[in-house]
1. Counting each DSSP H run of 4 or more residues in chain B as -39500 (n - 2.57), what helix-only mean residue ellipticity at 222 nm follows after dividing by all residues, to the nearest 500 deg cm²/dmol?
2. In a shell of Cβ-Cβ distance under 14 Å around A:Thr7, excluding A:Thr7 itself, what net charge do Lys and Arg (+1) and Asp and Glu (-1) give?
3. How large is the charge dipole for the protein assembly as shown, taken about the Cα centre, if only the Cβ atoms of Lys, Arg (+1) and Asp, Glu (-1) carry charge, to the nearest 20 debye?
4. Within 10 Å of each Cβ in B:58-67, how many Cβ atoms from other chains are there, averaged over the peptide?
5. Put +1 on the Cβ of every Lys and Arg and -1 on every Asp and Glu Cβ in the stretch B:17-62; which of B:Leu60, B:Leu48, B:Gly22 then has its Cα farthest towards the positive end of the dipole?
6. In chain A, which residue puts its Cβ closest to the axis that turns chain A onto chain B, and how many whole Å away is it?
7. Could you state the angle between the C-alpha long axis of helix B:99-110 and the longest principal axis of the C-alpha atoms of chain B, as a value from 0 to 90 degrees rounded to the nearest 10?
8. Could you work out what % of the accessible surface of the protein assembly as shown is carbon and sulfur, using a 1.4 angstrom probe and leaving DNA, RNA and ligands out of the count?
2 protein chains.
Amino acid sequence: MGTPQLTKNQSLVMGALAHSDGPMSAYTILDKLRDHGFRAPLQVYRALDKLLEYGLVHRLESLNAFVACTCPHEHEHDHGVTAFTICEGCGQVTEFHDEAIEERLSSLVRTQNFKTEKTTIEIRGHCKSCA
Amino acid sequence: MGTPQLTKNQSLVMGALAHSDGPMSAYTILDKLRDHGFRAPLQVYRALDKLLEYGLVHRLESLNAFVACTCPHEHEHDHGVTAFTICEGCGQVTEFHDEAIEERLSSLVRTQNFKTEKTTIEIRGHCKSCA
DNA sequence: TCGCACACGTTATAGCATAACGCAATTGAT
DNA sequence: ATCAATTGCGTTATGCTATAACGTGTGCGA
């Protein structure tokens with residue numbers, strides 16, 4: 001259940017995200033990859049779906065955009081919750097993980113008898129430089 | 001700095017959300033309000049902007065949808081972080097607040113010298129009945 | 001070699017959100 | 001009272017985000 005070999009399209013999308021400074025929308029990725037033969041949104045979305053499934057990419061719900069995962073070693077075992085700070089000034093996104101939050105959330109949710117499938121934590125604000 | 005009197009459009013949108021079982025998209029709200037004279041998305045979005053500002057409504061980023069706030073007394077003093085469980089089965093959304101998470105997040109973010117403006121916590125999964 | 005799973009390509013369409021214009025009503029300072 | 005600023009409103013048009021539905025090709029195990 002490791003990460004399979006990426007297809008050509010998946011590699012291209014992954015590369016675009018990995019070399020980007022910040023998050024990119026699917027359509028921005030599409031534009032970057034037109035020279036490589038991309039012509040339609042679905043080519044991007046299909047690749048993104050797989051990359052998300054493999055844990056190589058995260059979706060930022062509050063931006064409708066995508067970032068490469070910055071925790072390259074964790075792709076094997078699906079680890080817990082991923083959280084992000086997102087700077088409204090420079091667009092910088094920082095990924096972080098915290099066991100305490102994870103446990104607290106899991107405990108709160110358990111009291112509802114709720115079964116978690118995916119947790120989104122996104123903090124919008126301004127980074128040190130943009131304050 | 002309390003909540004001002006709502007305008008007609010704001011009241012209509014608020015009413016639609018308050019009487020709804022679950023979250024609604026802006027376009028769904030629009031359809032519900034056509035009989036009351038609504039004709040264009042902007043009428044809904046403008047009302048929603050104000051309702052969000054007043055804290056009467058929350059936006060669910062992972063659904064592109066909106067819900068009425070279920071903590072009617074807290075609208076005065078802008079309180080901390082709001083979190084949601086969202087059932088993929090029945091669509092039920094439950095709002096909750098937790099100081100521990102709030103403090104933990106605030107502490108983590110402080111180590112980045114990041115200034116928080118808005119925090120999104122959304123937990124997708126299945127509720128007790130839909131498990 | 002048949003059937004299945006999967007990636008791919010294309011066209012069309014659906015769903016979410018805002019830009020830009022102008023008008024009307026309200027408020028508040030001069 | 002009047003002018004300016006603000007706010008809400010309505011309309012048209014447009015842009016951004018995401019998926020449906022169709023067909024093609026390829027690899028691989030039964």
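The values are calculated or read from the model by the stated rules, or taken from the named source; none is laboratory data. From a predicted model like this one, the values you see are computed outputs, not experimental measurements. Here Cβ is always computed from backbone atoms with ideal geometry, including for glycine, and neighbour counts include all displayed protein chains. With ligands, DNA and RNA removed, areas are computed over all heavy atoms of the protein, side chains included. Shrake-Rupley method; radii C 1.70, N 1.55, O 1.52, S 1.80 Å.
1. Values: 4 runs with 44 residues, N = 131.
Calculated mean residue ellipticity at 222 nm is -10000 deg cm²/dmol.
2. Taking every other residue near A:Thr7 into account, the sum is +1.
3. 900 debye
4. Numbers: counts 0, 1, 2, 8, 6, 1, 2, 0, 0, 0.
Average per residue, whole number: 2.
5. Farthest towards the positive end: B:Leu48.
6. Output: A:Glu61, 2.
7. So the inclination is approximately 70 degrees.
8. Here carbon and sulfur together make up 49 percent of the probe-accessible area.
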